[in-house]
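Contents: one structure, followed by commentary.
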Amino acid sequence: MEKFQQSMYDLIVETSTKLPKDVRRAIARAKARENAGTRAAMALNTIVENIQMADENVSPICQDTGLPTFKIKVPVGVNQIEMKKAIRAAIVEATKNGKLRPNSVDSLTGKNSGDNLGEGVPVIKFEQWENDYIDVRLILKGGGCENKNIQYSLPCELEGLGRAGRDLDGIRKCILHAVYQAQGQGCSAGFIGVGIGGDRSSGYELAKEQLFRPVDDVNPIEELRQLEEYMMENANKLGIGTMGFGGESTLLGCKIGVMHRIPASFFVSVAYNCWAFRRMGVKIDPATGEIIEWLYQDGEDVDFAKELEKAEAAAALEQGDTRVIDLVPPLSEEQVRQLRVGDVVRISGVIYTGRDAIHKYLMDHDAPVDLNGQIIYHCGPVMLKDEEGRWHAKAAGPTTSIREEPYQGDIMKKFGVRAVIGKGGMGAKTLQALKEHGGVYLNAIGGAAQYYADCIKSVEGVDLLEFGIPEAMWHLRVENFTAVVTMDSHGNSLHEDVEKSSLEKLAQFKEPVFK
Ligand code: SF4
């Protein structure tokens, strides 16, 4: 079991820090499709740089290392109880070493267990089979994309698409709608797994199962093969693009599975996965516990270092119309009102992290620091303390901002906050507050946790650590932290614009395709 535990540790580290070859190829294809000089191209360049840095640093690709889910097939006679213990020990070790963020929270008390263990965490599912080796697959799926999963009960009416009936064409409409509703909030461009049939829980299970299929495989069921191809051809026409910035690449992969259902129910379940598609697998020798083979490693690898050289060369040619503005907090209202949607900002100075727990807390407490003119960063970083007691940010990308929508505008006004950084954009209430108060929303590149960790030059302090590492308020000194203005103080929102135009584009898919 000692060897098996080490194998599981290696699997966790590899999954968290290195994207498999099939995913890398899909990202490279998306990058090739994107037009140089656009915001989407810039976002993809950052993503590629981030992948490269995670490879080199053996650090988490994204700070949200998700809910670890293991799917294991074992020959008869293998001791599953001991395997579970070994996996849990490997999870604790990986968390201690900063390869996983402490992500397991008591749903009633909100307390973070600190070691990624808890009721039902990690998820470990066993199945017996007749092969003589153990097959272990692991997926680390973060909250931003998990929150964009969606389930349809057919027949139903879909925004932009009309009625979706209980047939292949109805399923087609549901999948298109699933891509549309995700917008950039699940860190597009994304991969989707679709489960047709089952009940509410087995449908989702089937959808997630599809995410374990290689990106380049071909569906053996002819109708589903056609549907998968159709989605890959057409979903990108919605123009949502990387991070929801608009652009050519919205969908990186689509895998569809089917199971029986009862006559009264017809569910289509969609599991959305961000570009940081961290799933890996190994074959294990049951006698020794050693890894015999790594999965998802077939085919050509992508040399992202070369891709980066090309991107830099293109960027040099592209300076174009984009305004690049340096910001040093505290910011004045006047400074912020000069910013417009589309501007790129480079921040140097101290910024403060704050996500769900901090926003709820600030509604009826004083802030632990003077936030007047300051910048709040929606981020739950991976932090490690060194032997001298100093904290270091190991991964620090943005988290989904829309969760803070009920609080954000009020907090900005109450404390004089001038800017928030996050990803995926915010809603009408925040947009109104930005206008009234003089504030701005800055979209960082979701999942680019290494890229942003590199901008953090020191951790100057922390407050409210009792909320747990991801939820605490970290004071981060950053240099050249780059983000895009996507909501400004003049009532403009890139997110609103992209949502509107993608809804219009969705209407072109209203007519039946599969009879
Ligand atoms: S890339 Fe985005 S959606 Fe995916 S885990 Fe990271 S923050 Fe969440």
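When DSSP beta bridges are limited to those with both residues in the chain, what percentage is antiparallel, rounded to the nearest 5?
Of all bridge pairs located within the chain, approximately 65 percent are antiparallel.
Which order do His495, His378 take when ranked by solvent-accessible area (1.4 Å probe, heavy atoms of all protein chains), largest first?
Solvent-accessible surface, decreasing: His495, His378.
As I understand it, the dipole of the range 436-515 uses +1 on the Cβ of Lys and Arg and -1 on the Cβ of Asp and Glu, about the Cα centre. Which of Val462, Gln508, Tyr441 lies farthest toward its positive end?
It is Gln508.
How big is the gap, in Å, between the Cα center of the range 99-167 and the Cα center of the range 210-239?
21 Å
Which sequence of Phe304, Phe514 reflects their accessible areas, 1.4 Å probe, from the largest down?
Heavy-atom accessible area, descending, gives Phe514, Phe304.
Sorting His365, His177 by accessible area (1.4 Å probe), largest first, what list results?
Largest accessible area first, the residues go His365, His177.
Label points 7 Å out from Cα along the Cβ direction at Ala287 and Glu157: separation in nm?
Simple spin-label model gives 6.5 nm for this pair.
Please identify the cysteines of the chain that lack any partner cysteine with a Cβ under 4.7 Å from their own Cβ.
Those would be Cys62, Cys156, Cys174, Cys254, Cys379, Cys455, since no other cysteine Cβ in the chain comes under 4.7 Å of theirs.
How much accessible surface does Leu168 have with a 1.4 Å probe, in Å² rounded to 10?
Its heavy atoms expose roughly 40 Å² to the probe.
Is there a pair in Lys84/Lys385; Lys21/Lys283; Lys148/Lys423; Lys360/Lys457 whose C-alpha atoms are over 20 Å apart, and which pairs would that be?
Among Lys84/Lys385; Lys21/Lys283; Lys148/Lys423; Lys360/Lys457, the Cα-Cα distance tops 20 Å for Lys84/Lys385; Lys360/Lys457.
With r defined as the distance between the Cβ atoms of Asn131 and Leu108 and R0 fixed at 56 Å, what FRET efficiency is calculated, to the nearest 0.05?
So the FRET efficiency works out to roughly 0.85.
State, as an integer percentage, the relative contact order of the chain based on alpha-carbon contacts under 8 Å between residues 6 or more apart.
Across the chain, relative contact order equals 19 percent.
How large, in percent, is the carbon and sulfur part of the accessible surface of the chain at a probe radius of 1.4 Å?
49 percent
Any idea of Asp356's accessible area? Nearest 10 Å², probe 1.4 Å.
50 Å²
Considering the options Ile134, Gly66, Leu100, tell which one lies farthest towards the positive end of the dipole of the range 61-157, charges being +1 on Lys and Arg and -1 on Asp and Glu at the Cβ, about the Cα centre.
Leu100
Run the simple label-point estimate for Val58 and Asp326 please: 7 Å along Cα→C-beta, distance reported in nm.
Rounded to a tenth, the inter-label distance reads 3.7 nm.
Can you tell me how the chain classifies by the Cα gyration tensor, rounded, prolate or oblate, using a/c under 1.5 as the rounded cut?
Oblate, since a/c reaches 1.5 and b/c is not below a/b.
For the chain, with every protein chain kept in place, what is the accessible area per residue (1.4 Å probe, Å²)?
41 Å²
What number comes out for the charge environment of Met487, summing +1 per Lys or Arg and -1 per Asp or Glu over other residues with Cβ under 11 Å away?
-1
Once every DSSP H run of n ≥ 4 in the chain is given -39500 (n - 2.57) and the sum is divided by its residues, what mean residue ellipticity at 222 nm do you get, rounded to the nearest 500 deg cm²/dmol?
-10500 deg cm²/dmol
The values are calculated or read from the model by the stated rules, or taken from the named source; none is laboratory data. Values in this document were obtained by computation on a predicted structure and should not be read as measured data. Glycine also receives a Cβ, built like all others from the backbone with ideal geometry; neighbour counts cover every protein chain displayed. These area figures cover heavy atoms from the full protein model, side chains too; ligands, DNA and RNA do not enter into them. Shrake-Rupley method; radii C 1.70, N 1.55, O 1.52, S 1.80 Å.
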